[in-house]
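Worksheet for the structure shown next.
The values are calculated or read from the model by the stated rules, or taken from the named source; none is laboratory data. Keep in mind the model is a prediction, meaning the values are calculated, not measured. For neighbour counting, all protein chains shown are included, and Cβ atoms are generated from backbone atoms with ideal geometry for every residue, glycine included. What goes into the accessible areas is simple: the full protein's heavy atoms, side chains included, and nothing from ligands, DNA or RNA. Shrake-Rupley method; radii C 1.70, N 1.55, O 1.52, S 1.80 Å.
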Amino acid sequence: MAGKKEVDYIYSPIDKIFRLSFGEHGDFSGAMYDGDFTLKLEEAQQRKHNYIIQQLHIREGSKVLDMGCGWGPFLKQVQQRGATGIGLTLSEGQAASCRKNGLEVHVQDCRNVTPAMFGNFDALCSIGAFEHFASATDYFEGKQDRVYADFFEHAAALIPKGGRFFLQTMVFGKNMLPYDQISLRAPKDSDAYILALMIKQFPGSWLPYGAEQILRNAEPHFKLVAQSSGRLDYIETIRQWRKKFYAFNIEKYLIYLSLLPKYLTDSDMYYRAKALAVSPNKICFEREIMEHYRLVLEKV
Ligand SMILES: C[S@@+](CC[C@H](N)C(=O)[O-])C[C@H]1O[C@@H](n2cnc3c(N)ncnc32)[C@H](O)[C@@H]1O
């Protein structure tokens, strides 16, 4: 499983850069354009929030758990509607930032949350975190299904029968390669190289194989209420992210500069920088090596 060390390594070092690019409560997951690419990124993220609020039946007084809350964009929406939101993250930087901004966020692995920790909830969401729940090692050792099944068992114990869970995640798509073909030594534009770069960007993380693998493991506890693909919307989201990450801000550019020696001397950091420049996840969506789903589940 991707543990705290790996997840923290992905998100905490970019904490300041992220907030300077996207604001204190920026979303770091695919937006919902529904094909209308005239929308601004912020409008498409708001559309996603509205959809989740509606699907989860969140109203004043509801209690919601956000599993993998990032910088708290959805928790903020929950708060603005007079509901109570609790967020979980494995990034110390994100948790500190959320708390500073008045959100209740804990550094806690959401795969093993029990009602004894934060009580019961009316609804659950997990937006762009499921990608980190299993590792390549889990896949090799045949444990990926077990990781997901355990997670769903824990999640189901937190909400009543009929309670809903919104889950948004990337998955491997129809053009995914066998693992042994993935290599940083492959030609630079090949699928094999692009995937290798993505693994460097998200160490310790391995995606589910299609929505089928997710639903199969959720099934004893949840039924599917709605499913939509966010693949094309994610491509546009990443296009907009790139503009914002590069948009000039003196403080941000000084941070980029200060990181330069590290990028030149540390090969992991070098590949992370390269991944930021190339956006392997955008290419994987374009080539259908990866898909992306929004799933609305209901506890049976
Ligand atoms: C791509 S960010 C998405 C953040 C946020 N949901 C959003 O839409 O902006 C992934 C988040 O998942 C969290 N995460 C990953 N694995 C986790 C785990 N096992 N337990 C808790 N949080 C986790 C990370 O710490 C990070 O906050």
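Against the criterion of being modelled with pLDDT of 95 or more, buried (at least 24 other Cβ atoms within 10 Å of the Cβ) and within 14 Å of the ligand (Cβ to nearest atom), Ala44 does not qualify.
The number of residues in the stretch 127-150 being open to solvent by less than 60 Å² (accessible area, probe 1.4 Å), away from the ligand (no atom under 12 Å from the Cβ) and either of a type in the set (A, V, I, L, M) or not in a helix (DSSP H, G or I) (or both) comes to 2. From the list His57, His106, the one residue that fits, being at pLDDT 95 or above, in a strand (DSSP E or B) and in contact with a strand residue (DSSP E or B) (Cβ under 8 Å, 6 or more places away or on another chain), is His106. Selection over the stretch 238-259 of residues that are in contact with a helix residue (DSSP H, G or I) (Cβ under 9 Å, 6 or more places away or on another chain) and open to solvent by less than 100 Å² (accessible area, probe 1.4 Å) gives a count of 13. The residue that is most open to solvent (accessible area, probe 1.4 Å), among those in the stretch 151-193 that are assigned to a helix (DSSP H, G or I) and in contact with a Pro (Cβ under 9 Å, 6 or more places away or on another chain), is Glu153. Residues in the stretch 270-288 that are among the aromatic types (Phe, Trp, Tyr) and open to solvent by 30 Å² or more (accessible area, probe 1.4 Å): Tyr270, Tyr271.
Scoring Glu104 on the criteria (1) within 18 Å of the chain's Cα centre (by Cα); (2) more than 9 Å from the ligand (Cβ to nearest atom); (3) more than 19 Å from Lys16 (Cα to Cα); (4) among the acidic types (Asp, Glu) leaves a single failure, condition (1).
Of all residues in the stretch 241-289, those satisfying the criterion of being over 24 Å from Glu43 (Cα atoms) and touching a Phe, Trp or Tyr at 6+ places or on another chain (Cβ under 6 Å) are Tyr263, Met269, Tyr270, Ala273.
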